[in-house]
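Okay, so here's the structure we're looking at.
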Amino acid sequence: MSELRRNILGEAKRIVIKIGSRILVDSVRGGVRTSFIQKFAHSVAKLVEDGKEVIVVTSGAVGTGMAILGYDEKPKVLAEKQACAAVGQIDLMYVYREMFLGNGFAVGQILLSADDFRDRVRYKNLQNTLKTMISKKIIPLINENDSLVVKELNGIGDNDKLSSDVALFFDADLLVVFTDEDGLFDDNPKKNPKARLLRFVPEITPDIIALTGKPGENGSAVSTGGMRSKVESIRAVVKSGCNAFLANGMKVLPHEIIYGDAVGTLFIGSHKKLGSRKRWLSFVSTPSGSVVVDDGCAEALRKKHSSLLPVGVVAVQKQFKAGDLIEVLSQQGERLARGIAQLDSANVQLVLQKKTALVRSILGEDSPEEVIHKNDLVVF
Ligand SMILES: Nc1ncnc2c1ncn2[C@@H]1O[C@H](COP(=O)(O)OP(=O)(O)O)[C@@H](O)[C@H]1O
Ligand SMILES: N[C@@H](CCC(=O)OP(=O)(O)O)C(=O)O
């Protein structure tokens, strides 16, 4: 096991490190936890000097801004929360800048939103910017563009999903997620002192997800995501072949994870790496429409990696056009896959549960026969 760990962690070249607000924000005195960033910068500098390529995804803007503006808890009004982020981001970046410069490295800030991964042009720009920064040994510091982004009801998302998007995008070998616990436990250690640490998770099954409570359940005064969003985001990266390590940023530093025997939970990446097109499909977070498939079709998608054929589709749930990204749901409402539709929803409606041989006689000789071709399909 230790040998396996050493191989997986020690050989990682492209590394994305996500640091949660609980580590970055001093909940007692308020403001940025400078002592953490100082040690962190020193540790990352060692990795970069050793030829590793490191991208940092950092939370902490809202929590830092709250202290400056005098809030004890996250404001409920979205614009106030976004103002906290705008104020806090400056202090946060200032501390990173000072600490990395002390180790001989410049930092660069990139503020992103989900749209930046969805839009091909911005996506390419991001790729070029990051490539240039990495080649010049500038440390990219990424956060969500909190002051502008409006996400679902509460406006500011957690950075767990952002870090997995970045890891997928960057084709990382390893995603390190730092929080304030030693890793994933078999129960929330803040509520159950007897909870045991899992050192190794070969596969993220529904039972593993169940250990993390309900979505958003364990955010805090400064944090947002909770353990569930971390493990769900880690699941997306391990599916695409990237390994992940969850550790306590108060106790463990990046170089100790890569070269030592640091405590934490190792999640093993699937040995089948996803190609860049499929990785891109996985990024796009808001599909235009959805279809529901029967159990046999769900099994074929999961086990045989087949194309999605009309015969397995029982309903169109949300309208879409050919070429749109759509979601595939089970009859129980579970998210199974997503991919680019070849047919629009009106045509899918006409051929629901029809065998392939009949599809063209209904839709015309030039019509595609699949709802989603397997090359454009990502199964979760
Ligand atoms: N099974 C579990 N193992 C570890 N931590 C858990 C578990 N279930 C819930 N948690 C909670 O998740 C919290 C970390 O998530 P979060 O509050 O989003 O922090 P961060 O700011 O680091 O992103 C921990 O402090 C812990 O209370
Ligand atoms: N992007 C926001 C925060 C998101 C957030 O709290 O994330 P996390 O601490 O990872 O649960 C920030 O910088 O404050």
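Derivation of every value follows stated rules applied to the coordinates shown; laboratory data play no part. The structure presented is a predicted model; accordingly, all values stated were derived computationally and were not measured. Note that we place each Cβ from the backbone using ideal geometry, even for glycine, and neighbour counts take in every protein chain shown.
Within segment 276-358, which GluC sites (Glu not before Pro) sit in a loop by DSSP and count at most 13 neighbouring Cβ atoms inside 10 Å?
Taking segment 276-358 and a limit of 13 other Cβ atoms within 10 Å, the loop GluC sites (Glu not before Pro) found are Glu334.
Short version: what are the Cα gyration tensor semi-axes of segment 306-373, square root of 5 times each eigenvalue, largest first, in whole Å?
Working: eigenvalues 69, 31, 22 Å².
For segment 306-373, the semi-axes come out at 19, 13, 10 Å.
Using 1/(1 + (r/R0)^6) with R0 = 41 angstrom and r between the beta carbons of Gln319 and Glu73, what's the FRET efficiency to the nearest 0.05?
According to the calculation, E is roughly 0.50.
So what's the angle, to the nearest 10 degrees on a 0 to 90 scale, between helix 34-49 and the longest Cα principal axis of the chain?
70
Sorted by average packing, counted as other Cβ atoms within 10 angstrom per residue and highest first, what order do 227-236, 178-187 take?
The densest-packed peptide leads the list: 227-236, 178-187.
Compare the peptides 188-197, 125-134, 96-105, 240-249 by average per-residue count of other Cβ atoms within 10 angstrom and give them in order, highest first.
Numbers: 188-197: 12.3, 125-134: 14.8, 96-105: 16.9, 240-249: 23.6.
Going from most to least packed, we get 240-249, 96-105, 125-134, 188-197.
Pairs to check: Lys230/Lys273; Lys239/Lys354; Lys46/Lys191; Lys52/Lys161; Lys13/Lys161. Give those whose C-alpha atoms are more than 27 Å from each other in this structure.
Where the Cα-Cα span goes over 27 Å, the pairs concerned are Lys239/Lys354; Lys46/Lys191.
By how many nm would the segment from Ser330 to Asp295 lengthen if fully extended, with 0.36 nm per residue of separation less the alpha-carbon distance?
Value of the extension gain: 11.9 nm.
Sort the chain into rounded, prolate or oblate with this rule: let a ≥ b ≥ c be the square roots of the eigenvalues of the Cα gyration tensor; rounded if a/c is under 1.5, and if a/c is not under 1.5, prolate when a/b is larger than b/c, oblate otherwise.
Since a/c reaches 1.5 and a/b is larger than b/c, the shape of the chain is classed as prolate.
Quick one: of the DSSP bridges fully inside the chain, what percent are antiparallel, nearest 5?
On the way: 20 of 52 bridges.
The answer is about 40 percent antiparallel.
Can you tell me how much longer the chain between Val263 and Asn128 gets when fully stretched, taken as 0.36 nm per residue apart minus their C-alpha distance, in nm with one decimal?
The span from Val263 to Asn128 would gain 45.1 nm if fully extended.
Which whole-number percentage describes the relative contact order of the chain, with Cα contacts under 8 Å and a sequence gap of 6 or more?
Computed over the chain, the figure is 15 percent.
How would you order 341-347, 44-50 from highest to lowest mean count of nearby Cβ atoms within 10 Å?
Per-residue Cβ counts within 10 Å, averaged per peptide and sorted highest first, yield 341-347, 44-50.
Working from the alpha-carbon coordinates of segment 1-145, get Rg over Rh, Rh being the Kirkwood radius.
1.01
Report the one residue of Ala45, Leu309, Val238 whose Cα lies farthest in the direction of the positive end of the charge dipole of the chain (charges on C-beta: Lys and Arg +1, Asp and Glu -1; origin at the Cα centre).
Ala45
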